[in-house]
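In what follows, a structure is listed as C-alpha cells, so that the remarks can point back to it.
A short reminder: the numbers here are calculations on the coordinates, not readings from a lab. Treat the numbers as computed from the prediction; the structure is a model and nothing was measured. Note: ideal-geometry Cβ built from the backbone for every residue, glycine included; neighbour counts use all protein chains shown.
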Amino acid sequence: MPGLAVLLKRLNPGLAPVSPAERLRASVGALVGILVTGLVTKLALGTSAELPLLIAPMGASAVLLFAVPSSPLAQPWSILGGNMVAALIGVTAAAFITDPFVAAAVAGGAAIGAMMLLGCLHPPGGAVALTAVLGGPAVQAAGYGFVLWPVGVNSLLLLAVALIFNNLTGRRYPHRQPPSPALDHKTDDPKPTARLGFTSADLDAAIAAHGELLDVDRDDLEGILHQAEQRAFHRRSGEITCADIMSRDVAAVSPESPWRDALALLRAHRVKALPVTTEDARVVGIVTQTDLLDKVAWGRKGPRIGLAHRFRRAARLERAPQATVEEIMTTPVRSARPETLIAELVPLMADGGWHHLPIVSAHGQLVGVVTQSDLIAALFHGRVTAKVEDGLPAKAA
C-alpha cells in the first residue's frame, strides 16, 4: 500500500492552491464564453447550417482562456493562430491521405510542429486537427471553409468574450506584466535590486538549459522568483516594520504655504523633502528639492514658476500661479502604513527612486517618514544582529 500511495502522489499534478473566488470566476467565465459563442453563431446562421455551430475543442480553449489566462498557451495569437493553423493542416491531411487514422496521426503531429514553429502553440489545436479529419461528412464537404467556419469564428468569439470578461474581473488579458516603478538614470547599469541575486540573463540561461516548454510566462516566472527572494528577506529581517524605523517628529507644509517657506524649512531641518498636509494632517503631496529646482525659476526678483511648468498648468486650464506649494508639489504621493514591512520598501526606494516615503494612518494622516538613510541603517542593523546571533563576529557583516 505505501508503494501505491507513492505512485498516486507522483501522478498528482501538484497544482498551486487556488482560491474559491478564482475557481468561481473561471467557471463563470467559461460558461459565459461558450454560451455567447454558441448563441451568436446560432443567430448568425440559424439552426439549418450543415456545419456544427460550436465545435468541441472550444471547451478546451475555454479552460485556458478563463482558468489560466496568464498562460503563454492562452494568449490571443495562440488561440487564433493555433486553432486555425491546426484546422488548415487537418483539412489538408484529410484531403491527401485516404486512411482516416493515418491522416489523424499526421494532422496531430504536424499541427503541433507548426504551432510551435509559428509561436502559437495552443493544446486544443490538436483536437481541432483531429476534428478536421474525423468530423464527419459535413466537415469533409466544407473543405478549407472549415478553417474559417466554424473554427475561425468560434475562436474569435470566444477570444472576444475572454478579453472583456477577464479584464472586468481583474485579470489582465492579453496577459502582460504591470510596469515596475523603476527609475531610469539613462545608463547601462542594471537597477539596484538586480545587482544582487539572480539577473535576467541568469534566468534566460537557466530556461535555455532546461530545454523544455514551460507553461508559464517568462516575466511571471521572474516576478515569482523575486517575490520568493523578498519573502526570504522578510524572514531574515526579523519582520521589521516602518513603525520601528520611521521619524515621527516630521516637518511638513500646507498646500497654501509659499515656496520661500518650504525652502526655509528644508534648509532649517537639513532635509530634502517635506510632506504636504491639510489641516487635519492628511497627506496630499510631497515637495522636494527637485520640485523647487525644476518647477521654480529663481531670479533677482525672487522665485517665479518656470516657463515649461507654466505652459503645462495652462494646458490643464489651471489657475494662474500663486507661488504656493500646491503648484509644484508631487502628487499623488506614494505612502506606506506603519505596519508595512521594510522589505517592501526596498524595490520602491532602490528601483523606483523614492528617497522619502510618508507613513500614514488608515485615514491617510501623516504619522511619520521613512528615508533611504533610515532603511539603510535598519538593514545594516539587521545584518549585524543576524551575524551575532549566528555566533559570527559583528565585523563580518
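Sorted from largest down, give the three principal axis spans of the alpha carbons of segment 65-146, whole angstrom values.
For segment 65-146, the Cα extents along the three principal axes come out at 39, 22, 17 Å.
Mind ranking 345-352, 141-148, 205-212 by how tightly packed they are, going by the mean number of other C-beta atoms within 10 angstrom, highest first?
The packing order, highest mean first, is 345-352, 141-148, 205-212.
Kirkwood hydrodynamic radius, computed over distinct alpha-carbon pairs, for segment 16-168: how many Å, to one decimal?
15.6
5 Å is the cut-off here: which amide hydrogens, built 1.01 Å from N in the peptide plane, fall below it relative to Thr330, excluding neighbours closer than 5 in sequence?
Hits under the 5 Å cutoff: Ile286, Val287, Thr288.
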